[in-house]
Structure formats: C-alpha cells, structure tokens
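Shown next, in structure tokens, is the structure this report addresses.
The values are calculated or read from the model by the stated rules, or taken from the named source; none is laboratory data. Nothing here was measured: the structure is a model prediction, and the numbers come from that model. Ideal geometry is used to build each Cβ from the backbone, glycine not excepted, and the neighbour counts take in all protein chains shown. Ligands, DNA and RNA are excluded from the accessible area calculation, which covers all protein heavy atoms including side chains. Shrake-Rupley method; radii C 1.70, N 1.55, O 1.52, S 1.80 Å.
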2 protein chains.
Amino acid sequence: MAQKSLLASRKFIKPSFSYLVEKKRDGGEFSEEEIRYIVDSILDKEMPEFQMAALAMAIFFQGMSAQETATFAEEMMLSGEVIDLSKLAKPKIAKYSTGGVGDKTTLVLAPLAAASGVIMPCMNGVDENFVISTLDKLSAIPKIELDADLKDFVKQLTDVNCAIIQQHPEIAPVDGILYELRQNTATIPSLPLITGSVLAKKLSEGAEGLVIDVKWGNGSYIKDVEQAKQLARSITRVGRSMKRRCVALVTDMNQPLGDCVGTGLEIQEAIQLLKGEGPEDLQELVLKLGMEIVRLAGVAGSTLSAKQTVQRHLKDGSALEKFKEMVAAQGGDTSYIDDPEKFPKAKYIRKLPAPKRGYVHTINAGMIARGVQMLASNKKGKLDPAVGVSEIKKVGTQVKQGEPLMMIHYNDEAKLDGALEYLRSAYRLAPKRPNPPDLVVERVA
Amino acid sequence: MAQKSLLASRKFIKPSFSYLVEKKRDGGEFSEEEIRYIVDSILDKEMPEFQMAALAMAIFFQGMSAQETATFAEEMMLSGEVIDLSKLAKPKIAKYSTGGVGDKTTLVLAPLAAASGVIMPCMNGVDENFVISTLDKLSAIPKIELDADLKDFVKQLTDVNCAIIQQHPEIAPVDGILYELRQNTATIPSLPLITGSVLAKKLSEGAEGLVIDVKWGNGSYIKDVEQAKQLARSITRVGRSMKRRCVALVTDMNQPLGDCVGTGLEIQEAIQLLKGEGPEDLQELVLKLGMEIVRLAGVAGSTLSAKQTVQRHLKDGSALEKFKEMVAAQGGDTSYIDDPEKFPKAKYIRKLPAPKRGYVHTINAGMIARGVQMLASNKKGKLDPAVGVSEIKKVGTQVKQGEPLMMIHYNDEAKLDGALEYLRSAYRLAPKRPNPPDLVVERVA
C-alpha cells in the first residue's frame, strides 16, 4: 500500500492550460513534465491556439531558464523524426546561421566539411523577409532537387557526406506549428523560443555538434549586437546542457557579404570560394567557420592544423569536387559548376553611380536585399537567376562622383526605378574614411 | 483635388493584427482608430482568437494609458446596445463592486437609491470563483425573474426606478467575448482590461455616474490593498475622462461582511438592513456607499444631508417598500419579504466549535465561501436557499473553547465533513485581541 501511494504521488497530474499560462505569466519555471505536456498537447492539437499564443507572449516577457529551454528543445525534437547517423563513423556537425544578405557560406562549408572528413547535414528553411535563402541560391542550378525524403537524405549523407535540402515536415513538427503561430503573434524575437527552435531542428538532423553564425546589423533580423551575443550564448549554453558540442560566432551583417547579391551571381561567387578565391570578407568567414567545424569535429586538434585543413581542401579542389558530388547526387546539372559562364546573363547591366565623391561610410544591407528582391521576383515569387547586383563597393572604399557603387543586372526595365530607390538609399558616402567593421565580433564556446 | 487628397490622407489604413500585437508588445500607445479597429474586428470575428490572446497578454505586461483605456471602454460600449435613460428626469447612478463574501449591499442600495430619488440600473454578472453573486441571492425569492429584456428593464427603471437583472447579452458584447478569452488565458488581472470591462458594461446601462466598491483581501480576487487602490484610481480616472462622475471606495474583504453567508440567509439579512437594522459592518458600508450615491446624484449637497437622506429612507420604511416594488415588478413573491420566516429552513443546524479559547485573529473569507459553496450546491450547480452559515464570529471577538464560531445550516449530511474542513481552516484564534480592520481604506474621487 505504501508503495502504491508513493507511485501515485509521482504521477503527473495534467494541469489546465490556463494554469500553465498563468504560471509563466508570473515568472514561474516549468517542470520537465509540464514542458513535455505542453509540447505533446501542441502536437495532438489539444492545446487551443489562443492559449499557445498567450503562453508564447508570456514567455516573450518572462523568458525561460536554460534548463527549461533545453527540455523544450529536446521535447520539440522528439515530437518528430530524429535522424540517426550513429552508424556512420565520421563526426557529424551541423551549421546554423540566422541569415544574412550575400551570405553563401553554407554552400561552401557543407562540401568543405565533407572534404575534410566531417559529415554535414543541412536542412534549410525559407529565411525571414528580405533575405535570399541558401535554397533559393541552389535553385539557380538547373534540375537540382531540394525536397529529398529522409531515407534519401541519409543515403546521400552516407555516400557524399553532405546534403542541402529544405526543412522536412517530419522534423520537429511542433516547431513548425509554433513558428507559424509566432509569426502572427509578434513572438518571434524571444531568446528561449529561438534557441529551442534552432536546437530542436538542427539536432534532429543527426548532428553531434553545432556551429552557429549569429549575424547582427542592418541586414539581419537582429539589429543589436548585444542581442546577437545573448542569442549566441543562449544557443551554446542550452546546446551544451543537451550534451552537444556547440560554438557560435557573432558576425557582422552591416553590409552584404561578398561582392554580389542574386541567386545565380551568388552561386558563381560560391564556386570561386570553393576554389580558394573570391572576396576577402567571405574568404575570411569561410575560414573562421570552417576552422570551427573541423575543430569541433575533432579532425583538427590545434588552431594551426584547423587552418591548414580548411585551406588545403579549398586549394586542392577537393571541396569543389564534393560540391559537384553533392549537386550531382541531388540531380543538378554540374556542367554549370565546371563552366559558370553557362549561368544565364541579364539583358541589361548598368551601374549605380556614386552621387558624389567620398568614402562608402555605411551600407544598409537590408535595402540592397529588398532592391534585388524587387528586381528579381517574377509574378509567382520565383527569383530570376540572371538578376542581381555585382561589384558592390564595400564600406571604406573611396569613390569618385559617377563611379559605380555597384553593377545592376536586370531583365525587366519596368522594375528598375523601384529597385533603384532601395539601392540608392542603401548607400551613405562621407568625406572621411570610416573604421572598417569587425567581421567576427565574438566567439562563444 | 487638394481636398480629395486631404481626405485620402485622413483615411485610416487597416494595420495587420500582428503589427498591432507587436506595437503593444513594445509598449506603444494605440490611436483611437486602432482601438476602434480592434474592437470592431473582435465583434465581427475577424481578429483570430490567437491574436486576441497575444494582444491581451501584451496588454497585461505593457498596460494601456488612461486615454487608450477610455477609448477601449467607449468602443466596447458602442459595440452593443446602450440604454438611453435621458428621457427620465431623475439622476441615474450605477454601482459596481468587485465582489465579496457576504456582501448584500447591492440588494439594499438599489431600492435605497430609488427611494432617495435616484434611478439605479443594475445588471450583474456571475461573480468570480467562490463568491455567491447578487443574482444567486435574489434567486432565493420564489418566482423572481432575472432575465428581463432591455425594453422591460427600461420600463421598470421608469416605473420603480431600480432593477436588478442579469447581464444582457446585447450589452457590450465585445466585453463578453474578451472576458471569456481572458478567463482562459490568465489575462483577467490587468488593470486597463478590468477598467475597460467595468466601464463599458456599467455605462451601457444608462448611468451618468458610477459608485465603485473595490474590495481587497482574502475574500476578494484582489489580495493586495495597493492593487485595489490602483484599480479604484484607474476606474475613476478613466471614467472621468469619459465624462462620467465616478467615486470609488476601497473596502476591506478580509472577513465576510455581516453575520451570514448563503443565499436565503443573506436575503433575510438584506431585509434587516433595509429596516435600518442588522450587523454593524454592513450598516456602515450601506451608509458610506449610500451617501456616495446620493451625493454623486446631487440629491444631497453636504455630507450631513447625505447621511440624513440615507438614514431617513432606511428608518421610514421607504427603502424596504422600494425593494418590495422591485421584487414585485420582477415577478417575485413579496410575501417572503413581509414574513422572512417563510424562507425554507435547513434540516440540520450545528455549531462550529472554537478549538480553544482566544480572540478571532483572522478569518479567511474565501475559505468560508468555499465551505458554503460545497454545502449548498446541488448536482446542477444551483444553491440550496436554506443552506449557509450564520452568527459568524467576526475578527476581534473573544471566544471560549467549544463556543460556536458560527452556526452551520445544512440539508445533506454527506457534504458536511468536506465543508467543515474549509470552515475550520478559515479561522485563526490568538491569545491577544487583534486590531480591527478598517472597513473603508481609501476614498478615490
């Protein structure tokens, strides 16, 4: 009898949803059972959306502890399929970026990691607002398939060691439900909710470790560097408490990365980077993130050996070879990689002239992205792979009046004026050379 | 043309609901148009419940200004029928109480006001949780009808000058929708939302002024005296900005009001009060609130004349006569008022014995209400009018061991043990006489 009542006292009594909302409203900390119950109830559609919304807003204001967030991420992960790569002997590392304008690093890092002996699964979502996603960029390669099922994804990771596909609906489905709700209830920017969402998705992909690129600036949804640092700390801390190795870099997104923005142009820039060439800022970011990946994976012990590993696989063509293997495995036409001249050219190319002489003082990357988005979108919302901007003059560059700030590639003259407004307003010129921004602001491990 | 574009520039562009949630989340102040749009969208069921919930929680954390709250109350009022009593020459005053255990004052004040030349419309809701509502108490009078339609309500106000009926669904319907949502999303205790709800409902009933009784203590949903003062200030300030005269008293609810709790017993106590008799605390509260009513109505100029007006109408039987008129107009059997001995008696009456000698130090009024609720509820949730507690020993009373703390009237022996647990735990005895609580803590005008 005594034993029976002990068991009974351990049994979790389901609380009402409004009690749970009230508890968080008043700053209470959820138990593991409570979080499991919340996630299960969202999955089973038992928790009404209005109570989910009230709860999300209460979390926005009151936060969640690292322990709560870890349980939340774990339970969201377990709400769907969790890919098991444990049979593969090589280390598995995932990469996550909060998204930025002109960022092609995932296209480079996945094959670079694979070439270095690291398995890198990449499921990507559609990025926020104005940012062109990695998936959009890959789509510029004819015939490439991005909607693999989970079996094919695992097969490709086994054979090629890297794959970039779109977010699969069976991965962390509760995150999918919650994310849509959060978009409509102004509860996206909550540190614990972002942290839980990222970890639930990324760790479902079978990775043992995670390298995170948190971008701050006018081209990121995180405008404040302190917020970016907090998010980096939150994800790494919670990831560690879930027993995964995590490292985060907080990086600059106050100007586009690289020299061009636009799907076809960016693929071509990624190919340059895979050859160890291309714009300096991107080369540096690929190197820094690549070093984190190989160190976290344990394939390089020291900083020096990590640097050498990354540089070797770019120089010797093995990263580029892996990229071709990956594209081929996903049905894409690799002849475009061998001969980037095959990518379609825009009908018109014109310069954006500097309105006066001076130094490029600031660039609003978000404005450039919006200009390109406007110029490249067709009626179905698809992006024209020939359209974009190139030869972007970066912060600190000196220009004469009339000299190009960038070259604009476009096919539809009717869209030019609208796009020009965005592109022009993105630039501020000043008589004095500004201090160049730090590409990597902080490393959190 | 110039005029046309001026008009166009004045046109309100409907924002997205998630923009509105975000604005409040970040502490923004809504414009009149925005509040009107929100209230209209709730009425038309165009705003999804999950966005209403997120908005309510954002308001819980960020509040609303007096101006926003006034517009909110006004728009909620205009979302339904607004009773027009302007053809009646007499002043119209409403009374609102946050609800308390053993409170019979509305039953006394409505006929007292009418006897004093003041029209008092009373629509009441079901009270929170454990509190027995004024409607439940009135229901102890056989045949009384509480669901009058608006036409009959106005007719009774014209003929008798007072009426107590249940909240009509056509009064402030948006408040009804929002209130139900708030109950399920832990957003009831928000000062501006309570303020808007009270004013929208009460001012829809046709009153020009409002006397408010905000109760604080263990028998109120407001446990903290400072919160009660804030609510009193909020309602009066917002009411004034809506051009209505408002006065609020913050009163004690740390023990039951009067000597008994239970529907039939409370009606009998109300009849005593209408004769100028009954427990001291209730006599004092009736006097204080009654004086506010006649002064706010302008039928008495000075404090002294207000006091005399109230006392005269209790002593001369005119308030009791009005009560009978009101009950008769609503179909109730007035013979019960003439001869309260007709109210049904409980099968059993037993004492709650004091466990030791000492002074009554504190009484948890909420516990007493729960005990009575348990004892009096039948399976349909209706309250047995014969059941309740009487002769409640109040705070400061000296008792000997075994002496009754109260008398318990009950019909169902099976419920006694459960109820006794609540009733016993409501009392704390101490060897020293405590300071008696102040009945009226603050007056806000």
Exercise for the section: Could you tell me how many degrees, from 0 to 90 and to the nearest 10, lie between the Cα long axis of helix B:280-297 and the main elongation axis, the longest principal axis, of the Cα atoms of chain B? Expected result: 30
Problem - FRET efficiency, 1/(1 + (r/R0)^6) with R0 25 Å, evaluated for residue B:44 and residue B:149 via beta carbons - result: 0.55
Exercise for the section: Any chance you could list the semi-axes, whole Å, largest first, of the equivalent ellipsoid that the Cα gyration tensor gives for region A:406-445, using √(5λ)? Expected result: 32, 17, 8
Exercise for the section: May I ask you to derive the relative contact order of region A:12-63, considering only C-alpha pairs under 8 Å and at least 6 residues apart, and to give it as an integer percent? Expected result: 53
Problem - Shielded by partner chains, region A:173-204 residues - at least 30 Å² of accessible area, 1.4 Å probe, vs chain alone - result: A:184, A:185, A:186
Exercise for the section: For residue B:349, place a label point 7 Å out from Cα along the Cα→Cβ vector, do the same in each other copy, and report the separations in nm, one decimal, smallest first. Expected result: 10.3
Completion exercise
region B:267-319 and region B:203-264 have their Cα centres apart by a whole-number Å value of 18
Fill in the blank from the handout: One can check that the equivalent ellipsoid of region A:51-202, built from the alpha-carbon gyration tensor with semi-axes equal to the square roots of five times its eigenvalues, has lengths in Å, largest first, of 28, 18, 14
Exercise for the section: Rounded, prolate or oblate: pick one for region B:163-252, where a ≥ b ≥ c are the square roots of the eigenvalues of its C-alpha gyration tensor, a/c under 1.5 means rounded, and failing that, prolate if a/b is larger than b/c, else oblate. Expected result: oblate
Exercise for the section: Could you sort the residues of region B:45-67 by number and keep only those whose accessible area is reduced by 50 Å² or more in the all-protein-chain setting relative to the chain alone, 1.4 Å probe? Expected result: B:50, B:57, B:61
Problem - Nm distances between copies for residue B:158, ranked from closest, using label points 7 Å along Cα→Cβ - result: 8.7
Exercise for the section: Within 10 Å, count the other beta carbons around each residue, average over each peptide in A:263-269, A:163-169, A:56-62, B:296-302, and list them highest first. Expected result: A:263-269, A:56-62, A:163-169, B:296-302
Completion exercise
Among region B:420-443, those whose backbone N falls under 16 Å of a label point 7 Å along Cα→Cβ from residue B:356 are B:425-434
Exercise for the section: Just need the Rg to Rh number for region A:356-445, please, alpha carbons only, Kirkwood Rh. Expected result: 1.05
Fill in the blank from the handout: the protein assembly as shown accessible area per residue, 1.4 Å probe, protein heavy atoms, integer Å², reads 43
Exercise for the section: Find every distance from the label point of residue A:380 to the corresponding label point in the other copies (7 Å from Cα along Cα→Cβ) and write them in nm, one decimal, shortest first. Expected result: 6.4
Problem - chain B - mean residue ellipticity at 222 nm from DSSP helices (-39,500 (n - 2.57) per run, n ≥ 4, rounded to 500) - result: -14000 deg cm²/dmol
Exercise for the section: Can you give me the three principal axis dimensions of the protein assembly as shown from its C-alpha atoms, in Å, biggest first? Expected result: 106, 85, 44
Handout entry: Mean separation of Cα contacts under 8 Å (6+ apart) over length of region A:93-338, as relative contact order %
Key = 31
Fill in the blank from the handout: So residue A:342 and residue A:303, fully extended at 0.36 nm per residue minus their Cα-Cα distance, gain in nm 10.2 nm
Practice task
Averaging sequence separations of C-alpha pairs under 8 Å and six or more residues apart, then dividing by the length of chain A, give the relative contact order as a whole percent.
Solution key: 19
Problem - Which listed pairs, of B:382/B:415; B:90/B:229; A:151/A:202, have C-alpha distances above 19 Å, in listed order - result: B:90/B:229
Exercise for the section: Give me the accessible area buried between chains B and A, both sides summed, with a 1.4 Å probe, in Å² rounded to the nearest 100. Expected result: 1700
Practice task
Please quote Rg/Rh for region A:250-385 to two decimal places, taking the Kirkwood radius as Rh and restricting both calculations to Cα atoms.
Solution key: 1.02
Fill in the blank from the handout: Along region B:97-109, Karplus-curve 3J(HN,Hα) (6.51, -1.76, 1.60; θ = phi - 60°) to the nearest Hz, with x for Gly and Pro, reads 10, 6, x, x, 7, x, 7, 10, 5, 4, 4, 8, 6
Practice task
Using only the alpha carbons of region A:93-338, determine the length spanned along each of the three principal axes and report them from longest to shortest in whole angstroms.
Solution key: 46, 38, 35
Problem - Angle between chain B longest axis and helix B:318-329 axis [Cα atoms, degrees, rounded to 10] - result: 70
Completion exercise
Helix A:303-315 sits off the longest principal axis of the Cα atoms of chain A, rounded to the nearest 10 on a 0 to 90 degree scale, by 50
Practice task
Just grab the label-to-label distance for residue A:223 and residue A:413, each label 7 Å out from Cα along the Cβ direction, in nm (one decimal).
Solution key: 3.8
Problem - Semi-axis lengths (Å, descending) of the ellipsoid that matches the C-alpha gyration tensor of chain B - result: 39, 26, 21
Handout entry: Percent carbon-and-sulfur accessible area, the protein assembly as shown, ignoring ligands, DNA and RNA, probe 1.4 Å
Key = 49
